[in-house]
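Input: a single structure, listed below in structure tokens.
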Amino acid sequence: MKNLFKFIFFLIGGVICLSILIFSIYTDLNHNSTYNPARLEKNFEKNQ
């Protein structure tokens with residue numbers, strides 16, 4: 001019973017970690033296509 005609980009705990013933890021990883025990769029791809037921090041900093045320096 002204890003091993004089953006541990007297995008379920010690790011399974012849920014793994015799924016959460018995997019979903020966070022996929023979400024972060026997905027948002028990074030979106031940011032790279034629309035949002036560029038280096039370009040933003042250059043524009044910011046020009047404006048000042």
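Test of understanding: what is the full-extension gain from Ile22 to Asn3, defined as 0.36 nm times their sequence separation minus their Cα-Cα distance?
Full extension from Ile22 to Asn3 adds 4.0 nm.
Stretched out fully, how many nm does the piece from Phe10 to Leu29 gain, at 0.36 nm a residue minus the Cα gap?
Result: 4.0 nm gained on full extension.
Here, each number is a calculation from the coordinates, and none is a lab measurement. Note that the coordinates shown come from a computational prediction; the quantities given were computed from them, not determined experimentally.
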